[in-house]
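Notes follow once the structure below has been shown.
The values are calculated or read from the model by the stated rules, or taken from the named source; none is laboratory data. Worth saying up front: this structure is predicted, and the values here are computed from it rather than measured. Note that each Cβ is placed from the backbone with ideal geometry, even for glycine, and that neighbours are counted across all protein chains shown. Accessible surface areas use protein heavy atoms only, side chains included; no ligands, DNA or RNA. Shrake-Rupley method; radii C 1.70, N 1.55, O 1.52, S 1.80 Å.
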Amino acid sequence: MKKLTGLERNWILYDVGNSAFVMLTSTVIPIYFKNLAEGAGVSAGNSTAYFSYASSLVTVLVMILGPLLGTVADGKGRKKEIFTGCMLVGALGCAALAVPAGWLAFLGIYVLAKTGYQGSLIFYDSMLGDVTEEDRMDQVSAHGYAWGYIGSCIPFVASILLILNADTLGLGSVRATMLAFLLNAVWWSCMTLPLLKTYRQRSGEGSNNKDGSFVSLARTVRGIRQNPKVLWFLLAFFFYIDGVYTIIDLATSYGKDMGISDTSLMLALLLTQVVAFPCSILFGKLTKKIESGKLIAVSILGYLCIVIFALQLDKTWEFWFLAVCVAVFQGGIQALSRSYFTRIIPQERAAEYFGFYDIFGKGAAFMGTLMVGVASQVSGSSRTGVGLLAILFLIGFFLFRKADRIGSAQTP
C-alpha cells in the first residue's frame, strides 16, 4: 500500500480519538457504574441488566435518528456539520460523566454521550468514500481501526494510572475516575480537529436534491430492497455485528460477575487494544490475496468459538485468553465490514445508506444487550445470556455466506 495521504491520516485520527471513549465504555464506565449501583443497594445481576437496558436505549435512539440525519447530510451536503454536532454531544457527555451523580443520573448521561458517539460514526464511516479511492478502502479502513486501538491506549493508560494511584496522589478512586472522564473527552475533541479542518464532502447530491428527507429516505429503502447484495449483507450484519458489539459492551460486566478483579478486567482490555493493532493491519493486507468476504466469514466463526469458550469462564487467565482471541478478530470484522459495505452502495447517498448500516449494525445491538439483560435477570446468571449470543453468530454466518455469493449488485 502506498503512503497514507494527509486526508486519510486525519480521517484515521478520528478513530484514535473516539476509540478512547470506546475503551471507557468497555472498562471504566461499567465498573464505575456497577460500583455506584451496588453501593446504592442494587444487586449485581440487576446492575448488569440496567446497564444492558441503557445500551439498548442508545441503539434505539440511533436507529430513529440515523437515517433521517443521513438524508439531510447527503441531500444538503451537510455531512461535516452533522458529524461535528454528534461528536460534540458525545465528547461533552463524556466530560459530564465527571459530574457527581447517583447511579441513575450517571446512566442517563452515559446514554446521551454514547448516542452522540454512535451518531458521529454514521457520518464518519460514510466519509470513507470521500477520503480515499476504492482500491485502498479495505486497508485505509483497517488502519483506522488499528490506529484507533493503539492510539486509545494513551489516554486509557493515563486513566488507569490515575485510578490505580488515586490514594497515592491524594485523589481517591472516585475523583480519579472523574478526572479520567475529563481527560478522555479532551483527547477525543483534539483528535477530531485535523479532520474538521481538512475534510470536504465529495459525494452526495447537495443542492441538486429537491426531495424532502422522508421522500429521500423512502427512495433509499426501495433501493435497498431492490439490491439483493446490500439487503442480504445488512441482514447478516444485523446478527453477527450485534454479537460483536454486545461482547464489547458487556465483557467487563460479565467478567466482574464471574469474579474477575477490576484491575485484571482493565488490564485485559488494554491487552486487547494492543493485540488488535497488528491484527487489524494484517487483515487489511490479507485482502490483497484473500477476498474480504472470506475473511469476514472466518471472523464470524472465530467469535462463535469465543462465545462457546466464555460459557465455562471462571479463572482470570481464561478472561485474558479470551481478550486476546477477541483482539485477533475484532478489528478485522469491523474494518472489512465497513469497506465491504462502502463498495456495494451508491456513493452519492453514502450517509443515507450508512444510517441504515447503523440500524442493522450498532443500532441493532439492542437485541443482544437486551437479550443478555433479560436472560441474566430471569435465570440469575449472566452465563445464560452470553450463551444465547452463539445463535446470533450462527445466523449471521449463514446469511453472510448467502450475501457474498450474490453477484455484483447494480446501483439502485
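Quick notes on this one:
- Theoretical gain in end-to-end length, residue 321 to residue 193 [0.36 nm per residue, Cα-Cα removed]: 42.4 nm
- Taken about its Cα centre, the chain carries a charge dipole of about 920 debye when Lys and Arg each add +1 at the Cβ and Asp and Glu each add -1 at the Cβ.
- With a Förster radius of 60 Å applied to the C-beta separation of residue 235 and residue 161, the computed FRET efficiency comes to 0.85.
- The listed peptides 176-182, 319-325, ordered by packing as a protection proxy, come out as 176-182, 319-325 (highest mean of other Cβ atoms within 10 Å first).
- When all protein chains stay in place and ligands, DNA and RNA are ignored, the 1.4 Å accessible-area order of 311, 282, largest first, is 282, 311.
- In the chain, the inverse of the mean reciprocal separation of distinct Cα atoms equals 21.2 Å; this is its Kirkwood hydrodynamic radius.
- Average accessible surface area per residue within segment 118-208, 1.4 Å rolling probe, Å²: 40 Å²
- Summed residue charge, Cβ within 11 Å of residue 138's Cβ, Lys/Arg positive, Asp/Glu negative: +2
- Within the accessible area of segment 1-137 (1.4 Å probe), percent carbon and sulfur: 67 percent
- For segment 1-115: accessible area per residue (Å², 1.4 Å): 35 Å²
- Debye-sum result for segment 31-172 in log10 I(q)/I(0), which assumes one identical scatterer on each alpha carbon, at q = 0.12, 0.13, 0.22 Å⁻¹: -0.67, -0.77, -1.36
- Computed with a 1.4 Å probe over protein heavy atoms only, the accessible area of residue 190 comes to about 70 Å².
- Taking GluC sites (Glu not before Pro) as exposed when their DSSP state is a loop state and no more than 13 other Cβ atoms lie within 10 Å, the longest site-free interval of the chain runs over 134-290.
- For the chain, adding -39500 (n - 2.57) for each run of n ≥ 4 DSSP H residues and dividing by the number of residues yields -27500 deg cm²/dmol at 222 nm.
- Taking all pairs of distinct alpha-carbon atoms in segment 1-60, Kirkwood radius in angstrom: 14.0 Å
- Förster radius 56 Å - calculated FRET efficiency between residue 174 and residue 134, Cβ distance, rounded to 0.05: 0.70
- Given R0 = 35 Å, the distance between the Cβ atoms of residue 104 and residue 405 translates into a calculated FRET efficiency of 0.15.
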